[in-house]
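S.K.: Have a look at this one before I ask anything.
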Amino acid sequence: MSGDTAIRTQGLTKYFGRFEAVSDLSLDVREGDVYGFLGANGSGKTTLIKALTGKDTDQLAEERRRGLTIDLGFAWLHDPEAGTVGFVDVPGHARFIRTMLAGLAGVDAVLLVIAADAGPMPQTHEHLALLDLLGINRGIVVMSRADRADARQQADCRLAIKALTQPSPLSEAPVIAVDSVSGKGLDELLTAIRALAVSEPVSTPAGLPRFLIDRRFTVPGAGCVVTGTLLNGRLSLAQQTPLQLAPAQRTVRLRGIQVDGEAVTDIVSGQRAALNLTGTLDNEHPQRGDWVLAAESFQISQRLDVDLRVLPKQTIHRGTLQILTGASAVSGRLVWLEAPVAGKAPAGLAQLLLDKPVHVITGDAVIVREPAANITLGGGRVLDPQGRQRGRSNPLALARLTALSTVTNASQALATELTHQREVDLPAFARRWNLTAEETDALLTEQAVIRLGAYGLNHAQLDAANASILQSVRQAHDEQPELLGIHLQSLLRAAETGLSRETVTLLVDQLVAENRLRRHGVVLALPDHQAVLPAQDQALYQRIHQALAGAGLRPPIVGELGEQLGLEREDMLAVMHRLQGWGYLLPVAPNRFYLPEQLDDLAAVAQALCEASTDGGFSAADYRDRSDIGRNLTIKVLEYLDRAGVTVYRDERRFMRPGWRRAVAERSSQE
């Protein structure tokens, strides 16, 4: 266990002393509001928390000896009006900014504590800037240690607070003077906390579960316990879907959940809790900054596209920086994606190149710091957690990111993506926005998005792609009228749809189903297309077609076919190769050819055998007996079906290959 996450177990016996669930939690997220206590060293944060909750959050001996908050401290307030409120006591000293940010990662609001007898400290300026960069805009300013300041000092402190907070997210926050020793002002502070709690809109636990870990320790008899905040979704002991630990991709499961020492069965987004985990764990993971995620939302990245703002009087250099997101801190570099505007502080689109992978989703906050000087340089929010490596600064890519920087929800983002891309990778989009399958389906309906495999496109894009496909087929007919049609792979290269090969293949299948295209085995043609072969080959083809079609699954070899048509074997073979090149024949063996449509008949025998068997496969002898084409030809046919991608050979048996029609088209275009 790293020193950053080493927490002694003394005083933590309440966690997981028992595992039975005693109650279900309300889905009202006000029951889980979390407030960060933020303030400079010596401002009296810990004393104030003890006055409110009765708990001393400085648990470490070093903290008590020095009178200095070093690690995160936690306490709970159970109020009949505000509900259950969690307090996070974060370090105020400049040396512990990383730990402070870890504590603020999951808070709903902040209580900024400023000592009345000392006034705002240099750290307070940075704290307010960090709140702005993190997007925390709700809070209360507490003027602590009021007993140590006379009326003049308190008035001066209020003026200084107003001047300091005016350009910050706390510009409208109430300022309340408190004496934590005598209790003066605590009632007024509790009233403000209640007002802040009930002013937060009630929301449902949307998205897949994302639990941010800020502490890890071991409890005898229970094992690994982590504490943190559930930022999205819902976690339940009855969780059906697998859970993953990120960024170390390890499977974990829940053995128990506690909220303030009480066992529960569920927690919802916004709530702090302790989780008892089991699974593939070790001394390194889990640790502070790790996440517990639903398996389907697992994603990690080392390349983040962000909308970044640099703090006044700061400059971001090209060297190694410290990048903080969630409760983790990694080294990395920053690359601006657009040239800074002359005369203005650098801001806008940038890409963060990290030395280690992190888990983030769209909208998560990032902070950029100078590690050597221990100062905050800037921050912003993630636009795309899977930033592209190539073409990251081309105009189209920048236009997309610029548009995404203005959206506030997944619905707007999906509409924006469809505007700037020909198609949207739906699983990747869902992971970026942490959407459940139901939420994704609802978005597709709302935006009238057509799903084709893993991709989505709108009706205009669909119509344009279909028109391009049909035009490419028509052009192929005009250029080579002797061809029966165009191979799928040739069509994929010719049709300028801007779509993935997978999507175009599915569109072709739809056009065939709608009778807007006709499939001749492995080639495609317009329904009214009539191939125009050279006169000599046309006459021969009619006779060849008749002979092969009449022979069923056992066509004559080239020599026998030549005898039937009055041609020498070499001349017959030359004709067969020409017809093969034009798409009229399939070379199953060097001296035996089939009609393209007969491939379906050969595959149908294999399909029937697979469906009738207990293991979904068949042997060569099974195929020989079912097709009645003889042993030698059976071997040639099965080898061709393997090469064409219809079947796969495994353990002396053959099985149907998923998507075999597409594989056939790809193989035939290479022959």
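S.K.: Looking at Thr218, Thr229 in this structure, which one is in contact with a Lys or Arg (Cβ under 6 Å, 6 or more places away or on another chain) and within 29 Å of Trp291 (Cα to Cα)?
M.R.: Residue meeting the stated conditions: Thr229.
S.K.: Tally up the residues in the stretch 390-410 that are in contact (Cβ under 8 Å) with a residue 40 or more places away in the chain and in a loop (DSSP other than H, G, I, E, B), please.
M.R.: Here the count works out to 3.
S.K.: Also: Just to be sure before I move on: is Pro527 more than 27 Å from Arg624 (Cα to Cα), free of Cβ contacts under 8 Å to residues at least 24 places away in the same chain and not polar (S, T, N, Q) in the structure I sent?
M.R.: Taking the combined requirement at face value, the residue satisfies it.
S.K.: Looking only at residues that are of a type outside the set (Val, Ile, Thr), surrounded by fewer than 16 Cβ atoms within 10 Å (Cβ to Cβ) and in contact (Cβ under 8 Å) with a residue 24 or more places away in the chain in the stretch 530-551, which one is nearest to Leu585 (Cα to Cα)?
M.R.: His545
S.K.: Could you please tell me which pairs satisfy a Cβ distance under 8 Å, a separation of 6+ or placement on different chains, a first residue in the stretch 125-153 that is free of Cβ contacts under 8 Å to residues at least 40 places away in the same chain, and a second residue that is of a type in the set (Asp, Glu) and surrounded by fewer than 19 Cβ atoms within 10 Å (Cβ to Cβ)?
M.R.: Close Cβ pairs (under 8 Å, with a partner that is of a type in the set (Asp, Glu) and surrounded by fewer than 19 Cβ atoms within 10 Å (Cβ to Cβ)) amount to Arg148/Asp117; Ala149/Asp117; Gln153/Asp117.
S.K.: Of the residues Leu462, Leu499, Leu506, Leu470, only one is assigned to a helix (DSSP H, G or I), of a type outside the set (Ser, Thr, Tyr) and over 27 Å from Gln598 (Cα atoms); which?
M.R.: Just one listed residue meets the conditions, Leu462.
S.K.: Any idea which of Leu245, Leu189, Leu170, Leu254 is assigned by TED's automatic domain parsing to the domain that holds Val107, out of contact with any Phe, Trp or Tyr (no Cβ under 6 Å at 6 or more places or on another chain) and outside any loop (DSSP other than H, G, I, E, B)?
M.R.: One residue alone meets the criteria, Leu189.
S.K.: Just name the residue that is modelled with the lowest pLDDT out of those in the stretch 324-348 that are under 20 Å from the mean Cα position of the chain (by Cα) and within 25 Å of Ala403 (Cα to Cα).
M.R.: Within the stretch 324-348, the match that is modelled with the lowest pLDDT is Gly326.
S.K.: Can you name the number of the only condition in (1) crowded, with 19+ Cβ neighbours inside 10 Å; (2) in contact with a Gly (Cβ under 9 Å, 6 or more places away or on another chain); (3) at pLDDT 80 or above that Leu128 fails?
M.R.: The one condition Leu128 does not meet is (2).
S.K.: From the residues in the stretch 579-613 that are among the charged types (D, E, K, R) and out of contact with any Leu (no Cβ under 9 Å at 6 or more places or on another chain), which one is surrounded by the fewest Cβ atoms within 10 Å (Cβ to Cβ)?
M.R.: Out of the qualifying residues, it is Glu611.
S.K.: So, in the stretch 138-167, exactly how many residues are outside any helix (DSSP H, G or I), modelled with pLDDT of 85 or more and of a type outside the set (D, E, K, R)?
M.R.: 8
S.K.: Is it the case that Val449 is closer than 29 Å to Leu354 by Cβ and of a type in the set (Val, Ile, Thr)?
M.R.: Here the answer is no, as Val449 does not meet what is asked.
S.K.: So which of Leu321, Leu235 is crowded, with 19+ Cβ neighbours inside 10 Å, within 30 Å of Thr440 (Cα to Cα), touching an Asp or Glu at 6+ places or on another chain (Cβ under 8 Å) and modelled with pLDDT of 90 or more?
M.R.: Step by step, each of Leu321, Leu235 is checked, and only Leu235 is crowded, with 19+ Cβ neighbours inside 10 Å, within 30 Å of Thr440 (Cα to Cα), touching an Asp or Glu at 6+ places or on another chain (Cβ under 8 Å) and modelled with pLDDT of 90 or more.
S.K.: Of everything in the stretch 148-185 that's of a type outside the set (Gly, Ala, Ser) and closer than 12 Å to Ala118 by Cα, which residue is surrounded by the most Cβ atoms within 10 Å (Cβ to Cβ)?
M.R.: Among residues in the stretch 148-185 that are of a type outside the set (Gly, Ala, Ser) and closer than 12 Å to Ala118 by Cα, the one surrounded by the most Cβ atoms within 10 Å (Cβ to Cβ) is Cys157.
S.K.: How do the pairs read when you match residues in the stretch 476-498 that are within 27 Å of His459 (Cβ to Cβ) with residues anywhere that are among the hydroxyl-bearing types (Ser, Thr, Tyr) and outside any loop (DSSP other than H, G, I, E, B), using Cβ under 7 Å and keeping only pairs 6 or more apart or on different chains?
M.R.: Note: pairs meeting the criteria are Leu488/Thr505; Leu491/Ser472; Ala494/Ser472; Ala495/Ser468; Ala495/Ser472; Glu496/Ser468; Thr497/Ser468.
S.K.: Take Val110 and tell me if it is buried (at least 21 other Cβ atoms within 10 Å of the Cβ), at pLDDT 90 or above and not charged (D, E, K, R).
M.R.: no
S.K.: Tally time: how many residues in the stretch 282-337 are of a type in the set (Phe, Trp, Tyr) and in contact with a Gly (Cβ under 9 Å, 6 or more places away or on another chain)?
M.R.: 2
S.K.: Determine which single condition Leu418 fails, assuming it passes every other condition in (1) surrounded by 19 or more Cβ atoms within 10 Å (Cβ to Cβ); (2) touching a residue at least 60 places away in the same chain (Cβ under 8 Å); (3) in a helix (DSSP H, G or I); (4) not hydroxyl-bearing (Ser, Thr, Tyr).
M.R.: Failing condition for Leu418: (2).
S.K.: Of the residues that sit in the stretch 371-389 and are under 27 Å from the mean Cα position of the chain (by Cα) and part of a strand (DSSP E or B), which one is farthest from Leu426 (Cα to Cα)?
M.R.: My answer is Gly378.
S.K.: Take Val335 and tell me if it is of a type in the set (A, V, I, L, M) and either part of a loop (DSSP other than H, G, I, E, B) or over 12 Å from Ile323 (Cβ atoms) (or both).
M.R.: So Val335 passes the test.
The values are calculated or read from the model by the stated rules, or taken from the named source; none is laboratory data. Computed from a predicted structure; not experimentally measured. Every residue, glycine as well, gets a Cβ built from its backbone with ideal geometry; the counts of neighbours run over all protein chains shown.
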